[in-house]
Amino acid sequence: MLPSAEPRAPGRAEVPAVELRHIVKRFPGVVANRDVNLAVQRGSIHAVIGENGAGKSTLMKMLYGMQRPDSGTILVDGAEVSFRSPNDAIAAGVGMVHQHFMLADNLTVLENVILGREPRRFGMIDRSAARRRIAELGATYGLPVAPDALVEDLGVGQRQRVEILKVLYRGARILILDEPTAVLVPQEVDELFANLSELKREGITIIFISHKLDEVLALADDITVIRAGTTVATADPRTATTRDLAELMVGSELPTPETRDSTVTTDVQVRVNGLTCRSAHGRPLLDDVSFTIHRGEIVGIAGVEGNGQTELIEALMGLRDPDAGTIELGGVDVTRWSTRRRREAGLGYVPEDRQRHGLLLDAPLWENEMLGHQSQPPNVKGPWIDGGGARQRTEEIVERFDVRTPNIDVTANALSGGNQQKLIIGRELMAEPQAMVAAHPTRGVDVGAQAAIWDQLRAARSTGLATLLVSADLQELIGLSDALLVVFEGRVVARLDPSTATPQQLGSYMTRGDARDAGPAA
């Protein structure tokens, strides 16, 4: 572990693939980066870690040409660069795979990979040349794909592979990966790491942003820690521990989601019976799903994305009409109720995509506080919106849930991902719901925000809240849940005891619908 804020001197004679010197970036009321230094050796995997709001994403956006630094120098292969757009970065060999995939579901793998870079012959797209190039890249880097498969039919791990191929197809020699394992099950993480190791062997330089410190230690050649917008340390993964890294990031030990003191009552708060949803073509998306959630209970849902979790969430929240089955809330059949009526009856909601479904990014925080609760006090007084009440409630959320913001008049897009998430969870829990659907509540947040969110979910559970927890973080599911269900191809294929279940066992059910090679049953 090196405590210096300056980058380590290169251990090799060659010039670093990427070097950032004294980078500063300001936004109104916020300094995102202050004197950041980073050196990434060619052909290495370099991890960048830090709290949400520490400045990691802003730094990478500047390297990828999405933003420009106010001062400082960016060098690629020893040459100073000034990118005005991602196209400039791509031309210089820098590519980025975002946490939220940028793929068109209705196009094939081939069409997604070549989009905007189509090879042409006689004025027409040369699909044969594109196919050969994709096959060549897949063989070289260990990333085989089916070029004619529709992206909407691919699993999450395969979609990520397509994103990486898309970047390599454009000639990237330097690859930025933003939270690449956030939505993967353990088997897919192993596969990704094998792919990244192969990319490194072939000379690709990888910058790896992650909050999963055990993965960082397993994969990285070098680690840079950013805190409060500046580099505070570099670390050697051969000698550092997760505790070391957590303390550098947030000044405390790595949190754990462990919850073993039961608060489960005999009162059923949510009952789902025979829930079935079909696609427009008649394909089953949910197939005869049944479960109950008692007051004071967290029921966890595990599954690879695309196996019915989204449809389950939508059906529970009144966003999708089921083809069969019933949903009861507090003993009342709400199957045909509107979303608003369910919300007013005490159903909380933390959506799986906070930016698309949880926030108005260009609206101030106090207006975002009202979303989903705009018909209830303190946001209304009689028939009128009560701006004063909404502002007071927002101030309470900021204080209680540690939402780090200059004030409640800033827009939601000015907050880091972790603070956006804490605002949403605060908004829902302050409304004192009877039941809540929490979808990926800690996705893409740092260890500090993660610990705070876990604490709030545990506290709400102890007061009797019935929670459906959908998460891709298997340790989170095992640690927080009182009962675990695994969904595969729209069906519940396993009901497990979290006290004995393992991530490997869950991953086996999630990927194959059974527990072969997963060890003893729970």
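A short reminder: the numbers here are calculations on the coordinates, not readings from a lab. Everything numeric here is computed off the predicted structure, so don't read it as measured data.
Can you give me the Kirkwood hydrodynamic radius for the stretch 307-367, using every pair of distinct Cα atoms, in Å to one decimal?
Kirkwood hydrodynamic radius for the stretch 307-367: 12.9 Å.
Show me, for the stretch 290-301, the HN-Hα J-couplings you get by feeding each phi into the Karplus relation (A = 6.51, B = -1.76, C = 1.60, θ = phi - 60°), rounded to Hz, glycine and proline as x.
Coupling constants for the stretch 290-301: 9, 5, 10, 10, 8, 4, x, 10, 10, 9, x, 10 Hz.
Based solely on C-alpha atoms, express the radius of gyration and the Dmax of the chain in angstrom.
For the chain, the Cα radius of gyration and maximum Cα-Cα distance read 23.6, 72 Å.
Limiting things to C-alpha atoms, what are the Rg and the maximum Cα-Cα separation (Dmax) for the stretch 105-171, in angstroms?
Taking only Cα atoms of the stretch 105-171, I get Rg and Dmax of 11.3, 36 Å.
Where the convex hull is taken over the Cα atoms of the stretch 388-521, what is its projected area averaged over directions, in nm²?
9.4
Quick one: divide the alpha-carbon radius of gyration of the stretch 1-156 by 2.2 N^0.38 Å and tell me what you get. Don't skip to the answer; put the middle values down first.
Details: Rg = 18.9 Å, N = 156, 2.2 N^0.38 = 15.0 Å.
Normalised Cα radius of gyration, the stretch 1-156: 1.26.
May I ask you to derive the relative contact order of the chain, considering only C-alpha pairs under 8 Å and at least 6 residues apart, and to give it as an integer percent? Each step should come with its number before you reach the end.
Values: 1122 pairs, mean separation 83.2, N = 522.
Result for the chain is 16 percent.
Cα gyration tensor of the stretch 327-467, axes a ≥ b ≥ c as square roots of the eigenvalues: rounded (a/c below 1.5), prolate (a/b > b/c) or oblate? Spell out each step's value before the answer.
Working: a/c = 1.69, a/b = 1.17, b/c = 1.45.
Oblate, because a/c is 1.5 or more while a/b does not exceed b/c.
Cα-Cα over 30 Å: which of Lys166/Lys422; Lys56/Lys381; Lys25/Lys212? Please report the intermediate quantities before stating the final value.
Details: Lys166/Lys422 33 Å; Lys56/Lys381 42 Å; Lys25/Lys212 26 Å.
Over 30 Å apart, Cα to Cα: Lys166/Lys422; Lys56/Lys381.
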